[in-house]
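What follows is a set of notes on a single structure, which appears directly below.
The values are calculated or read from the model by the stated rules, or taken from the named source; none is laboratory data. None of the values given here were measured: they were computed from a predicted structure. Every residue, glycine among them, receives a Cβ derived from its backbone with ideal geometry; neighbour counts consider all protein chains shown. Heads up: the accessible areas ignore ligands, DNA and RNA and are worked out on the full protein's heavy atoms, side chains in. Shrake-Rupley method; radii C 1.70, N 1.55, O 1.52, S 1.80 Å.
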Amino acid sequence: MTAAHTIAVLGLGRMGDAIAARLTAQNRNVVGWTRSGRGSDAVKTTSDAHDAVARADLVVLALFDGPACRQVLDDVQGSLRPDTTVVNVSTIAPAEAAKLAARLGPSYVHAPVLGSVSAVAAGALQILAAAADSDTLDRVRPVLDVLGTVRPVDDAATAAALKLIANNSLSGAVLALRDTLRQADALGLPRAQVLDVLELGQLGGLVARKRAFLVSEPVSPPAEFTIGALAKDMALLADASGLPLRGAAGLMDLPADAAVGAESDIALAATVPAVPDAVLEPLRAYVRGHATGDPAHFREAFLPSAHIEGIREGAFVSWPLDTYCALFHGTPAPDEAGRSRRIDAVDVHGSVATATMTLAHGADTFTDVFLLVRVEDGWRIANKAYHRHS
């Protein structure tokens, strides 16, 4: 495919606009179109998708999700020329990619990309390209080579799945960075010094790329990859795999009053403040109850209707709060000095939260799992289930 041929880029969001700009800068004849009608400073645009497609040898789909890809193709397919190839760089579900590949056959290349806007501008994307045959991939490869390194993949569903897996690792890194920064803040460490050290370790690449978002500046740079887009990808992965995925909810675990939102860069998800003390207070009251043996602390921590449930001596028990409190007599355990309790995780979802705690009590270790709710007088534990490790 030579520079004289026309490339239509359908979708001029962050990535689509960057791709169109890169191709234009490399002397490709590009026309852009976007559903919103928004123009572009980098590429000539048209308000008519049919016009863009009808004169294009190559159509690049750079859209938000699978439904958008289907809708746009439904609209323009009649205008596609028989010799036109569609390259889809959108991040969609594996099943959606397979359906599009079956629909367009040898005219379709599924080519999700690894990399952000800056990688597009540098021609440094990693492109997971799946085509029906090698001839199809060969036709579009000169264009893809302008954008980055082409990595052939067997089929569209596999390419889509690999992209979601890659983004899952990114989501995990963002959440790990969030936990790290929260711990550093709790220790009172200067953010700049923390980032300097983190750049030396396993999160170094992410921190180096996103440092401008992680320092306390009045204005952050424009988003390269948004929290909402990555959360969408994690939901697609969880749906496709059928396995639980913390990142699907964790990325959008943002306080209602937070300045960070779905359209913010993913790096800002790592800067969300730690769980509010109001959520932690009933858990701390629970710890005080064990430390002192005073059941009043448990009544402070739990709702009156709460139950404590687990396996005791081989049988399931479900104790009401009064029964649980009767086990404590107002004095610490004889070995209290050697006992420890740790809050491992707290996830807040509006007016409910879940928490996990580890208690080391002599020869026994307990894993406690809590359901908390926000009621009129604050947060309380609605239920507790436990597992005892001897």
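Quick notes on this structure:
- Between Arg211, Arg182, the distinction of being without any contact (Cβ under 8 Å) to a residue 60 or more places away in the chain, of a type in the set (Lys, Arg) and either surrounded by 15 or more Cβ atoms within 10 Å (Cβ to Cβ) or at positive phi (or both) belongs to Arg211 only.
- Any chance Leu230 is open to solvent by less than 50 Å² (accessible area, probe 1.4 Å), in contact (Cβ under 8 Å) with a residue 24 or more places away in the chain and of a type in the set (A, V, I, L, M): yes
- Where Gln202 falls short, out of the listed (1) farther than 30 Å from Leu63 by Cα; (2) touching a helix residue (DSSP H, G or I) at 6+ places or on another chain (Cβ under 7 Å); (3) polar (S, T, N, Q): (2)
- Listing of helices (runs of 4 or more DSSP H) fully contained in the range 276-390 that carry 2 or more residues being at pLDDT 95 or above and among the basic types (Lys, Arg): 277-292
- Cβ-Cβ distances below 7 Å connect no pair with a first residue in the range 313-332 that is among the aliphatic types (A, V, I, L, M) and open to solvent by 60 Å² or more (accessible area, probe 1.4 Å), a second residue that is assigned to a helix (DSSP H, G or I) and at pLDDT below 95, and a separation of six or more residues or different chains.
- Scan the range 79-114 for residues that are part of a helix (DSSP H, G or I) and out of contact with any His (no Cβ under 8 Å at 6 or more places or on another chain) and the total you get is 11.
- So Val153, is it modelled with pLDDT under 90, of a type in the set (Val, Ile, Thr) and either surrounded by fewer than 20 Cβ atoms within 10 Å (Cβ to Cβ) or under 30 Å from Thr136 (Cα atoms) (or both): no
- Residue match in the range 31-47 (condition: among the polar types (S, T, N, Q) and modelled with pLDDT of 95 or more): no
- Selection count, the range 271-314, where residues are basic (Lys, Arg) and more than 19 Å from Arg374 (Cα to Cα): 2
- Restricting attention to the range 359-387 and to residues that are β-branched (Val, Ile, Thr) and closer than 18 Å to Gly310 by Cβ, the residue that is least open to solvent (accessible area, probe 1.4 Å) turns out to be Ile381.
- Lys163, sole failed condition from (1) open to solvent by 70 Å² or more (accessible area, probe 1.4 Å); (2) within 19 Å of Leu125 (Cβ to Cβ): (1)
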